[in-house]
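A quick write-up on the structure given underneath.
The values are calculated or read from the model by the stated rules, or taken from the named source; none is laboratory data. Note that the coordinates shown come from a computational prediction; the quantities given were computed from them, not determined experimentally. Note: ideal-geometry Cβ built from the backbone for every residue, glycine included; neighbour counts use all protein chains shown.
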Amino acid sequence: QLEDTFWEVNAISKEHHVTSSEMNQEHYVASLAINQDEIDEVYVEDGSVALCVDFPPVISIAEEGGEVVDALLGEVDVIHEGQVAMSAAKGKEEPGEMGLEMEENEGCAPRKYYEYLHSLNDKQREAACSDVAVPLMIVAGPGSGKTSTMVGRVLTLLKEGIPPSNILAMTFTTAAASEMRDRIGAVVGKAVAKEIIISTFHSFCLQLCRTHAEKLGRTSEFIIYGHGQQRRAIIEAERLLEHGKSDGLGDAVKQYDGDIKHSFKDKAKKWLKFVTQAKSSGQAPEEYEKKGDLTGASILRHYNEILVSCNALDYHDFINSSITLLTKFPEVYKECQNTWQAIVVDEFQDTSAMQYFLLKLLASHNHITIVGDDDQSIFSFNGADVSGFDSFRRDFPNHKEIRLNKNYRSTRAIVEAATALIHNNTKRCNHKLAETDNPSGSKITVKECHSEDSQCAFVIDKIIETTSSSAEGRDFGKIAVLYRRQVENF
């Protein structure tokens, strides 16, 4: 209806030979076949007309070219003789202020940006272009173009005028961070992409802790305890508990010579697991004392004191210490709020309760986008808490939720089998359907073996059968063998 009306307006202007000086808002509004109340404004310049209305899509017309252009994101670009005649977007930044590279004669929107958005499907584009001031949850099923959508979201943040250095994108692996940066760089250029902070949770928190190390009782050159150092600190904490010692903690660990009672060594594994779980859940020694677990409280307290005396943090301290900085030091909180004006989080289903709490603190401005799928949560052993989706819905009540259900990666047989299997998970947050346009592909074969040897023999035979029948010769690089434990690799 809107498109037909525009063509009618264009025809009227030609029929009556209306010049730009004669054009006025009343003339065109009177000629429209749609409700006048739906019109926000009419812009006229050099024989071209553009209207901004309350409902999408917004369309512009160039009189000479007669071309209808879909103007994304509420902007109307009227192109006349290869140059920008006007922009109908009110309150938007000038092109030079955008965080995107501009090319000549492109108008108010970079060509590569629009091309990228047009490469997305409708749901992906809706997610990428959603209002940046509204918290956004993207539930992305497997193979649904999650990374492409996240890149589109970051591009929209840049287009809305958020400087690249004020955008924080959280991923779970350095490989994912590198891939996202490369894709963004292909659109906006490597220089702009390099300014965006794309980091893992622990890398981001490590940098925050080093910047404010003195507030944590450390120097900026603090060391990071690995598993072996943690184990020795646990053993020393046991000895301190046993003998009631509290002095010379740092020297006690540094001068550790292996001459420790076997009972301490035997218990070290148990207490290391206890300390890890306590830190993953953000538990302090005082909380264990309230529960009546005085031994656990003492072990945890001694362990923390040892790390302070040795100018060290362990892996789990990164998240907890960052939360401490944000909650106990207002100047750090204000600094982070001013710096990280927009946050995008990948693999949200794998965040722990403490990581979610950190995100909630950082995103008090509501400029946050989370991307994940509760069906793909596989890191509960590492503290991942899939209930974070429900927490997000509760803590950001005005959020928008978009689901990406179309699988571009897998065959129909795999999609249907996976969907049937996951329906048996009674703890799912929401039931959702997966769909694909891909062919059915080969059926899934289930082979039950009665011994480890027969299982290995079956795998070997299958590899030989697959590679021998290949017309391209033996390409072992197309075969993947998955196993539950690393020891099974041998």
message: Can you confirm whether Val154 is crowded, with 24+ Cβ neighbours inside 10 Å and either out of contact with any strand residue (DSSP E or B) (no Cβ under 9 Å at 6 or more places or on another chain) or touching a residue at least 40 places away in the same chain (Cβ under 8 Å) (or both)?
response: yes
Among residues of region 113-171, those that are in contact with a Ser or Thr (Cβ under 7 Å, 6 or more places away or on another chain) and on the phi > 0 side of the Ramachandran plot, counted: 1
- prompt: Residues in region 389-409: is at least one surrounded by 18 or more Cβ atoms within 10 Å (Cβ to Cβ), without any contact (Cβ under 8 Å) to a residue 60 or more places away in the chain and of a type outside the set (Gly, Ala, Ser)?
  reply: no
task: May I ask you to verify whether Ile370 is exposed (fewer than 15 other Cβ atoms within 10 Å of the Cβ) and hydrophobic (A, V, I, L, M, F, W, C)?
output: no
- line: From the option list Glu195, Glu238, single residue qualifying as in the same structural domain as Thr156 (by TED's automatic domain parsing) and of a type in the set (Asp, Glu) is Glu195
field: Residue tally, condition assigned to a helix (DSSP H, G or I), over 17 Å from Ala353 (Cβ atoms) and free of Cβ contacts under 8 Å to residues at least 12 places away in the same chain, over region 283-306
entry: 4
statement: Wholly inside region 378-490, helices (runs of 4 or more DSSP H) that include 1 or more residues that are closer than 21 Å to Ser144 by Cβ and assigned by TED's automatic domain parsing to the domain that holds Val134 are 388-395, 412-422
- prompt: What number of residues within region 307-327 satisfy the criterion of being touching a residue at least 40 places away in the same chain (Cβ under 8 Å) and part of a helix (DSSP H, G or I)?
  reply: 12
query: List the pairs whose first member sits in region 264-282 and is outside the structural domain of Ala233 (by TED's automatic domain parsing) and charged (D, E, K, R), whose second member is outside any helix (DSSP H, G or I) and surrounded by 16 or more Cβ atoms within 10 Å (Cβ to Cβ), and whose Cβ atoms are under 6 Å apart, counting only residues at least 6 apart or on separate chains?
result: none
